[in-house]
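Student: Questions regarding the structure given below will be posed in turn.
The values are calculated or read from the model by the stated rules, or taken from the named source; none is laboratory data. Predicted, not measured: the structure shown is a model, and the values here were computed from it. Cβ atoms come from the backbone with ideal geometry, glycine included; neighbour counts cover every protein chain shown. The area values use the complete protein model at the heavy-atom level, side chains included, leaving out ligands, DNA and RNA. Shrake-Rupley method; radii C 1.70, N 1.55, O 1.52, S 1.80 Å.
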Amino acid sequence: MLNSFYLDPNAITGPGSLAIFIVAAAAYFCGCFNGAVIVSKYILRDDVRNHGSGNAGLTNFYRTFGGPLTFVVILTDVLKAVAAVLFGSWFLGYYAGANGYAFNVRISTMWALFGKYWAALFCLLGHMFPAMFHFKGGKGILSGGAIALMIDWRVALVVWGGFLILTALTRYVSLGSLWAGASFPFATWFCYPDPVIVTLGFILGGLVVWQHRGNVRRLLSGTERKLSFHKKKEGGA
């Protein structure tokens, strides 16, 4: 079990505010590369946000356009999350461990974990509120799923397992997505019971749930669309 940032005063002898800011800025920049917007706007010349739910996410893109370019959207949103989390983990972990005459593996490991969650938060913010696309992005499920895989396989098992089961049983992608967002902080709490990490976990999961507030209203009213493997030009999701 990792030592706690909160309980261990040595943990604060790591990166300074500039290093933490660099990770936040780099992760947010990665997150801004929204696959659905880039592919629809610059390849298909038809912005996905003008269709269906208006959401710049994988589900709305697939329902609107379908086709092999869906895999390009998936690849873009996964790779940006992987890049952001890897950079955050490496940069803060190495920076912290290298402070002093000998490399401190324990402190490096603790800051590397913080770097994962910190970078994940700003990557998700970039995906949801991309500055280059007028702060109108996606809901963070695909990128969030990649983030869970990068953080810990146990967290990913809870998040992805529930998502796939609920989506398969109900054909409501939004219901599976709500499970993913709501379960993420509790899986984090189980794996890393540290106040700082758990707080970041709740913020990350809360963002995903908040982005699906419209889906919650439609689920309650019975108007939410179910997953279909046939492309439909218009509709809400």
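Student: For A156, all conditions in the list (1) in contact with a helix residue (DSSP H, G or I) (Cβ under 7 Å, 6 or more places away or on another chain); (2) within 20 Å of V23 (Cα to Cα) hold save one; what is the number of the exception?
Tutor: Failing condition for A156: (2).
Student: Here is a further query. Being under 20 Å from L86 (Cα atoms), out of contact with any strand residue (DSSP E or B) (no Cβ under 9 Å at 6 or more places or on another chain) and not hydroxyl-bearing (S, T, Y) narrows it down to one residue among G144, G137, G161, G181; which is it?
Tutor: Matching residue, one of G144, G137, G161, G181: G144.
Student: Pairs, please: C-beta under 8 Å, at least 6 apart or cross-chain, first residue in contact (Cβ under 8 Å) with a residue 40 or more places away in the chain and assigned to a helix (DSSP H, G or I) and in the stretch 16-35, second surrounded by 23 or more Cβ atoms within 10 Å (Cβ to Cβ) and of a type in the set (S, T, N, Q)?
Tutor: G31/S143
Student: Name the single residue that is farthest from the chain's Cα centre (by Cα) among those in the stretch 177-230 being surrounded by 15 or more Cβ atoms within 10 Å (Cβ to Cβ), within 21 Å of G57 (Cβ to Cβ) and among the polar types (S, T, N, Q).
Tutor: Looking at residues that are surrounded by 15 or more Cβ atoms within 10 Å (Cβ to Cβ), within 21 Å of G57 (Cβ to Cβ) and among the polar types (S, T, N, Q), I get N215.
Student: Here is a follow-up. List, please: which pairs have Cβ atoms under 7 Å, are six or more places apart or on different chains, and start with a residue in the stretch 168-192 that is closer than 16 Å to G214 by Cβ and assigned to a helix (DSSP H, G or I) and end with one that is open to solvent by less than 10 Å² (accessible area, probe 1.4 Å) and among the polar types (S, T, N, Q)?
Tutor: S174/N215
Student: Considering each residue of the stretch 130-160, count those that are surrounded by fewer than 15 Cβ atoms within 10 Å (Cβ to Cβ) and of a type in the set (G, A, S), and give that number.
Tutor: Summing the residues that are surrounded by fewer than 15 Cβ atoms within 10 Å (Cβ to Cβ) and of a type in the set (G, A, S) in the stretch 130-160 gives 1.
Student: Kindly evaluate S174 against the criterion of being modelled with pLDDT under 95, more than 16 Å from V85 (Cα to Cα) and open to solvent by less than 20 Å² (accessible area, probe 1.4 Å).
Tutor: Criteria met by S174.
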